[in-house]
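Below is one structure, written out as structure tokens; comments come after it.
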Amino acid sequence: MDEQPKDAQAERAAMEQLQAQLKSIFKNLPHEVPLILFTQPGKNDLFSAACRFLVRGVREATPRVTLREYDLKHPMAKKMGVNRAPTLLLDPERYKVRWLGAPIGEEARTFVEAVLMMGNRSSGLSQESLKVLKKIASPPRRRQA
């Protein structure tokens with residue numbers, strides 16, 4: 001008999017359950033969310049692979065998430081101001097959100113929430129909060145040490 005160990009069965013069942021949950025979460029996503037991943041072979045390869053794995057899992061749950069990947073040496077990295085690997089840009093034509101490293105562990109939840117907000121084009125902020133944000137004219141100044 002060719003039975004899988006219980007650990008492998010449990011892992012597969014957990015992955016299937018996670019995939020079903022992601023499909024449910026993303027099923028009504030109205031807008032596309034393009035992602036761009038910048039990597040560099042030999043530099044933080046484990047984090048690059050983890051980031052790629054998570055994004056592919058989300059892409060399997062919804063066709064609304066797309067992924068392009070570039071090496072840090074590619075002209076696109078310079079154009080986007082990226083100089084660390086891995087760096088993940090979330091809908092860079094619309095938002096200024098970049099993720100340094102890989103959204104793993106509890107950060108995966110934050111990543112999913114960010115994709116949802118971008119795909120719905122809604123921050124979930126109250127009208128009061130949006131009014132306050134509109135009053136901010138420039139980014140905060142950095143303190144000199």
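The values are calculated or read from the model by the stated rules, or taken from the named source; none is laboratory data. As the structure is a prediction and not an experimental result, all values here were calculated from the model. No Cβ is skipped: glycine too gets one built from the backbone with ideal geometry, and neighbour counts run over all protein chains shown. Just the protein is used for accessible areas: all its heavy atoms, side chains included, with ligands, DNA and RNA removed. Shrake-Rupley method; radii C 1.70, N 1.55, O 1.52, S 1.80 Å.
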From the option list 73, 78, single residue qualifying as over 16 Å from the mean Cα position of the chain (by Cα) and part of a loop (DSSP other than H, G, I, E, B) is 73
Only one of 75, 86, 92 is more than 25 Å from residue 123 (Cα to Cα), open to solvent by less than 100 Å² (accessible area, probe 1.4 Å) and touching a residue at least 12 places away in the same chain (Cβ under 8 Å), namely 86
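Yes/no per residue for (1) open to solvent by 30 Å² or more (accessible area, probe 1.4 Å); (2) on the phi > 0 side of the Ramachandran plot; (3) at pLDDT 90 or above:
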site: 52; (1), (2), (3): yes, no, yes
site: 69; (1), (2), (3): yes, no, yes
site: 111; (1), (2), (3): no, no, yes
site: 124; (1), (2), (3): yes, yes, no
Counted residues in region 1-48 being within 29 Å of residue 95 (Cβ to Cβ) and open to solvent by 50 Å² or more (accessible area, probe 1.4 Å) come to 18
Pairing a residue in region 99-117 that is more than 14 Å from residue 22 (Cα to Cα) with any residue that is surrounded by fewer than 19 Cβ atoms within 10 Å (Cβ to Cβ) and among the small types (Gly, Ala, Ser), where Cβ atoms lie under 6 Å and the two sit 6 or more apart in sequence or on different chains, gives 102/50; 104/50; 117/123
Output for Cβ contacts, cut-off 8 Å, separation at least six or different chains, first residue within 20 Å of residue 94 (Cα to Cα) in region 121-134, second modelled with pLDDT of 90 or more and open to solvent by less than 70 Å² (accessible area, probe 1.4 Å), reads 121/30; 121/31
